[in-house]
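Read-outs throughout are calculated quantities, based only on the coordinates presented, and are distinct from any laboratory measurement. If you're wondering where the values come from, they're calculated on a predicted model, not measured in any experiment. Cβ: placed from backbone, ideal geometry, glycine included. Neighbour counts: every protein chain shown.
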Amino acid sequence: GAVVSQHPSWVICKSGTSVKIECRSLDFQATTMFWYRQFPKQSLMLMATSNEGSKATYEQGVEKDKFLINHASLTLSTLTVTSAHPEDSSFYICSPSGGAADTQYFGPGTRLTVL
Amino acid sequence: QKEVEQDPGPLSVPEGAIVSLNCTYSNSAFQYFMWYRQYSRKGPELLMYTYSSGNKEDGRFTAQVDKSSKYISLFIRDSQPSDSATYLCAMSAMDSSYKLIFGSGTRLLVRP
């Protein structure tokens, strides 16, 4: 499988601050990037889908102004949680895709804790 | 009703047992079926990928898809303590940009 990194792996921040999470696909070019959120003991919920150089498409119920996604290159995407609140505390996982069902890979995840 | 249903477990088995994990789904458009393994606080890791119906075997793992019953299974033979993890089924349709719909995950514990 592909090598995917996420940074930071864990972040604690105060309520009201913004947090940026980076996702890099190190050995392949991701034409599509999926961002997921996972609450404790729950499954992955898709937040948004972005194609390189295009605006992201957000799933129903996900605030696009709160979760800013940038997919500026085929190897880098960022998710910025703006004005984070305690209810945004979750495990955020990026999933770069080469454009087919069997070429979706997952990053190691970023644990966000908002105090 | 969720599109993909999966028993959350936990499922506890002795080392060496055969493990059977299952998911059911409601969307007949799903054609791609995946099983992922997720260790605590890690991202999912692809175990098995199957297109349409049939069986697929890879080492100790066998994936089965029965589209007529909308039912998929993952079998783990000779289970090991290192297999203890959460197993997620996921599926997608060709016309959905391969967006994955995940089951809730089954926690598996293999006792030494």
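What the table shows:
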{"item": "Percentage, to the nearest whole number, of Cα pairs in chain B over 17 Å apart", "result": "50 percent"}
{"item": "Pairs of Cα atoms farther than 28 Å apart, the protein assembly as shown, %", "result": "30 percent"}
{"item": "Cβ-Cβ FRET estimate between B:Ser82 and A:Gln42, R0 fixed at 22 Å, reported to 0.05", "result": "0.35"}
{"item": "Lysines whose Cα lies under 26 Å from that of A:Lys41, excluding same-chain neighbours fewer than 8 positions away", "result": "A:Lys14, A:Lys20, A:Lys64, A:Lys66, B:Lys2, B:Lys42, B:Lys70, B:Lys99"}
{"item": "Average projected area [Cα convex hull, segment A:33-115], square nanometres", "result": "5.7 nm²"}
{"item": "Sites A:Lys55 and B:Glu45, calculated FRET efficiency, Cβ-Cβ separation with R0 41 Å, nearest 0.05", "result": "0.85"}
{"item": "Sites B:Glu5 and A:Thr17, calculated FRET efficiency, Cβ-Cβ separation with R0 45 Å, nearest 0.05", "result": "0.75"}
{"item": "Within segment A:52-74: backbone nitrogen closer than 19 Å to the A:Thr31 label point (7 Å, Cα to C-beta)", "result": "A:52-57, A:71-74"}
{"item": "HN-Hα J in Hz across segment B:39-51 - Karplus 6.51, -1.76, 1.60, θ = phi - 60°, x for Gly and Pro", "result": "7, 4, 6, 10, x, x, 10, 5, 9, 9, 9, 9, 9"}
{"item": "Check: chain B dipole with +1 on Lys, Arg Cβ and -1 on Asp, Glu Cβ, in debye", "result": "200 debye"}
{"item": "Partnerless cysteines, meaning none of the other Cys C-beta atoms lie under 4.7 Å away, in chain A", "result": "A:Cys13"}
